[in-house]
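Working notes, structure below.
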Amino acid sequence: MIPSLGRGASDFRLLANAVADAGFRAICPEPRGFGRSASYSADVRLNDLADDVADVIESSTDKRPVIVLGHAFGNRVARMSAALRPDLVQAVILLAAGGKVAMAPHIEQSLLASFDLSLPEAERMGHVARAFFAPGNEPTAWRDGWRRDVAEAQINASQRTSVDKWWGAGRASILVVQPLQDVLAPPENADAVREAAPGRVQIVQIDRAGHALLPEQPAAVARAVIEFSSQISQPKAKLDRDH
C-alpha cells in the first residue's frame, strides 16, 4: 500500500486491518523521509520510487506477484511499478487516481497550502478540507501526518517522469476506486484510465468522499478492495467459469 503525497503508511491503518481480517497480507512500507530514513534525492524519478516498491516485494514475498495499492500520488507509483515489473505486480488498486484531468487553480493552491505548517491551524485546515475532503466531512483525521520535504520530492519525481510511462499500468488488472467529490483528481480521470486499458479496468464509485477517501468512507473502500482482491486471488479456471 503506497500512501498519498507527503503522507505516511499510517493512513492505511484501518484498511490494512480490514484486508488482514479478510485473510490477505497487507504490506505498508513508509516512503523515504519518514521514520529514520533520509528523503529522496533531488533528481528522483517515479521509476526510482517503483524500484523501492520492487525491493519491498522481493524481500517480503519471495518474489511472488502481488496487488499494489496506491492512494492519490501513490497510484502513480503503483502504476509505474506495474509497468516496470510485471513479474512482481499482477494487479493495481488506485484510490483517487489522477494524472491527466487537471484540478482547478484554486484547488491546487489549497493542496500546496495543506503542507504549510507555518499557517495558522484554522487556515491550513480550511485548505485541507477544501482540497481533500467532500463537503460536510470532518478533516481533522488529516490534521497531522504531513511531510513537506517528502511531498516536494515526490512532486519533482512526477514532473520528471512522462505520464505515458505509467498511465496504463503495464498489463496489470486495474481497480479504480473513484471518490465522486474528488476535486484534486476529478472523476474524469477514472474514465481516462479505462480508455487507456480496455478490458483491464473496473471502476467503483464512492459517494460522499473526496481525495482523502480513506478516513471519509473506510468501510466502502475496504469492501471494494477486498472484493477485487478476492477476484484476483481466485484460480483462473474458477474465474473463467464464474465470468
Worksheet item: Which residue, Leu14, Leu184, Leu119, has the most motion in a Gaussian network model of the chain that connects Cα atoms within less than 10 Å?
Response: Leu119
Worksheet item: What share of all Cα pairs of the chain, in percent, falls into each consecutive 10 Å distance bin?
Response: 8, 34, 39, 16, 3, 0
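Pop the C-beta distance of Glu138 and Ala22 into the FRET formula with R0 = 22 Å and round what comes out to the nearest 0.05.
On the way: r = 27 Å, r/R0 = 1.22.
Efficiency for this residue pair is about 0.25.
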Practice prompt. Can you give me the P(r) profile for segment 1-102? Cα pairs, bins 5 angstrom wide beginning at 0, each as a whole percent.
Written response: 2, 13, 23, 27, 21, 10, 3, 1
Worksheet item: Ignoring any ligand, DNA or RNA, what whole percent of the accessible area of segment 1-135 comes from carbon and sulfur when the probe is 1.4 angstrom?
Response: 51
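Enter the accessible area per residue of the chain (Å², integer; probe 1.4 Å; all protein chains in place). Display every interim value, and only then the final one.
Values: 11560 Å² over 243 residues.
Value returned for the chain: 48 Å² of accessible area per residue.
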Item to complete: Considering Cα pairs under 8 angstrom that are at least six residues apart, work out the relative contact order of the chain and quote it in whole percent.
Response: 24
Worksheet entry | Nearest 10 degrees, 0 to 90: helix 148-159 Cα axis against the chain principal axis | 60
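Rounded to two decimals, what is the ratio between the C-alpha radius of gyration of segment 49-148 and 2.2 N^0.38 Å?
Values: Rg = 16.7 Å, N = 100, 2.2 N^0.38 = 12.7 Å.
Taking the Cα Rg and dividing by 2.2 N^0.38 Å, one obtains 1.32.
The values are calculated or read from the model by the stated rules, or taken from the named source; none is laboratory data. Nothing here was measured: the structure is a model prediction, and the numbers come from that model. Virtual Cβ from ideal backbone geometry, glycine too; neighbours counted across all protein chains shown. The accessibility values were calculated without ligands, DNA or RNA, using every heavy atom of the protein model including side chains. Shrake-Rupley method; radii C 1.70, N 1.55, O 1.52, S 1.80 Å.
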